[in-house]
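Heads up: the structure comes next, in structure tokens.
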Amino acid sequence: MRAKCLFVVGLLVGAGGCAEITDANAPYTLTESSSSSGGAGGGDTGGMGGMGGSGIQCATDADCPATGQVCTVPACIDGTCGTRNALNGTPADTTVQKVGDCKIIVCDGLGGTKAIHDDTDVPDDANPCTIDTCENGAPKMTNVPADTLASPTLQQPGDCKKVICDGMGGQKTVIDDTDMPDDGNQCTIDTCSNGAPLMTNVDVNTPCGLNQKCNASGQCGCMKIADCDNTYSFCKQRSCNAGVCGIEYLEVDTPLPASDQIVGDCKVDVCDGDGNVLTKVDENDVPVDGNECTQDKCNSDGTPSNPLAPLLAPCILGDNDVCDGFGACKKSNGKPCAGGDECVTGICMDGFCCDTACDDTCKSCGVAGKLGTCANIPLGSIDGNATMTCAGANVCNGAGLCKLANGQSCTSDSQCASGNCKNGQNKCQP
């Protein structure tokens, strides 16, 4: 019998006079040998010894478990799981890659890895004054030309300056008298002077606002608030003081009008004292859902909630008077009912909401003075609602038992509801 030798990407699996495959990218191969035994594995299986065979049976590569190695993959070889090397040039797992190093790690076809150039894996040194590229697999930072405007995020509008690149990868701030400020005052001319903001008053009596004129202090004069042309917000209101339009900030924690509030959101919008609106937790602004069997609450973080009221919490909804613990208002024990769904206990017996099923003989939830409680039916009464009724010749004895009624034949006192079997007459007597 001629044994077979199994190679996977140049690795010998079988044993006994087989020549090793040298092509690193060759798939697993089965070749004939003059040996009469299978070596490490033996027989036609080729043995998995040299391959690290698992002994797991398979039909395709997909049936085999992952190898746990970066550049080896599972392989189904003659029905048994083994491994083979990933093809040369296959990108390795992302865990071994380094972003921005101008290289990519690939498999070498022999189970190992190697780095090759990847000029698309461009670095980023976060410097707005360099251009980041790759050159022959190495990061390259080229300085942008001098006087190039640096990133817009580095600029401060209206400060009469600009940030530019210095041509050596650095930054510097220079005068820019075109970057003029704006103080929002109609009575000043805003310019730059050698890199510094400059506000110059316009001529006195220059028109401004609504039928107003600029004064010598560079302010727009007013006689009343309506003369001031800017309408602000509730927390930042216009003012006219000593003939000058200004701004008045309302005090800290001044609530906004009710029309600007959201009712029941457990929050309140107030002024912060600087003209802005601040939202604060208000535990008194509870979310009212109109259900007496839920609680209207605000959590400490300002989250509205309506948790269920506890069982037997009072409520009013028609004849209903207690909560069932699930958000519904029901009838308490002892109230008349037509069905269990009306009762807080879910039990309606003898026409009343009851604490228990109360279907034993001579027990009732309708006993006067004990309505809603399963109690003994009084002496001499019948019980037609029980599972085993007590009627006809029998009546209840007042202690929860069904006995013979008065006038019925008896042989002992224990047979009678009254507990009295008259001697001589042999009948139950009062």
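The values are calculated or read from the model by the stated rules, or taken from the named source; none is laboratory data. Not measured: the values here are computed from a predicted model. Note that each Cβ is placed from the backbone with ideal geometry, even for glycine, and that neighbours are counted across all protein chains shown. These area figures cover heavy atoms from the full protein model, side chains too; ligands, DNA and RNA do not enter into them. Shrake-Rupley method; radii C 1.70, N 1.55, O 1.52, S 1.80 Å.
Is it true that residue 92 is at pLDDT 55 or above, small (Gly, Ala, Ser), within 30 Å of residue 140 (Cβ to Cβ) and open to solvent by less than 20 Å² (accessible area, probe 1.4 Å)?
yes
What pairs come out if I take residues in the range 307-334 that are part of a strand (DSSP E or B) and pair them with residues that are among the β-branched types (Val, Ile, Thr) whose C-beta lies under 6 Å away, six or more apart or interchain?
From the range 307-334, the pairs are 308/294; 322/344; 330/344.
Can you tell me which residues in the range 281-307 are of a type outside the set (Gly, Ala, Ser) and either open to solvent by 80 Å² or more (accessible area, probe 1.4 Å) or in contact with a helix residue (DSSP H, G or I) (Cβ under 7 Å, 6 or more places away or on another chain) (or both)?
Result: 283, 284, 288, 292, 297, 301.
Filter the range 402-422 down to residues that are among the hydrophobic types (A, V, I, L, M, F, W, C) and either over 20 Å from residue 360 (Cβ atoms) or touching an Asp or Glu at 6+ places or on another chain (Cβ under 8 Å) (or both), then give me how many there are.
Count: 4.
Can you name the residue in the range 103-134 that is among the polar types (S, T, N, Q) and under 30 Å from residue 148 (Cβ atoms) and is also least open to solvent (accessible area, probe 1.4 Å) among such residues?
Among them, the one singled out is 130.
Answer yes if at least one residue in the range 314-322 is open to solvent by less than 80 Å² (accessible area, probe 1.4 Å), out of contact with any Cys (no Cβ under 9 Å at 6 or more places or on another chain) and either modelled with pLDDT of 95 or more or more than 30 Å from residue 232 (Cβ to Cβ) (or both), and no otherwise.
The answer is no; no qualifying residue exists.
Just a yes or no: is a residue in the range 228-241 more than 30 Å from residue 142 (Cα to Cα), free of Cβ contacts under 8 Å to residues at least 12 places away in the same chain and open to solvent by 60 Å² or more (accessible area, probe 1.4 Å)?
Yes, the range 228-241 contains at least one residue that is more than 30 Å from residue 142 (Cα to Cα), free of Cβ contacts under 8 Å to residues at least 12 places away in the same chain and open to solvent by 60 Å² or more (accessible area, probe 1.4 Å).
Would you check which residues across the range 354-396 are in a loop (DSSP other than H, G, I, E, B) and among the charged types (D, E, K, R) and list them?
Hits for the range 354-396 are 355, 359, 360, 370.
Exactly one condition in (1) open to solvent by less than 70 Å² (accessible area, probe 1.4 Å); (2) hydrophobic (A, V, I, L, M, F, W, C); (3) in a loop (DSSP other than H, G, I, E, B) is not met by residue 163; state its number.
(3)
I'm trying to understand the selection: among the residues of the range 339-353, which are open to solvent by less than 50 Å² (accessible area, probe 1.4 Å) and either in a helix (DSSP H, G or I) or touching a helix residue (DSSP H, G or I) at 6+ places or on another chain (Cβ under 6 Å) (or both)?
340, 346, 347, 348 - these are the residues of the range 339-353 that are open to solvent by less than 50 Å² (accessible area, probe 1.4 Å) and either in a helix (DSSP H, G or I) or touching a helix residue (DSSP H, G or I) at 6+ places or on another chain (Cβ under 6 Å) (or both).
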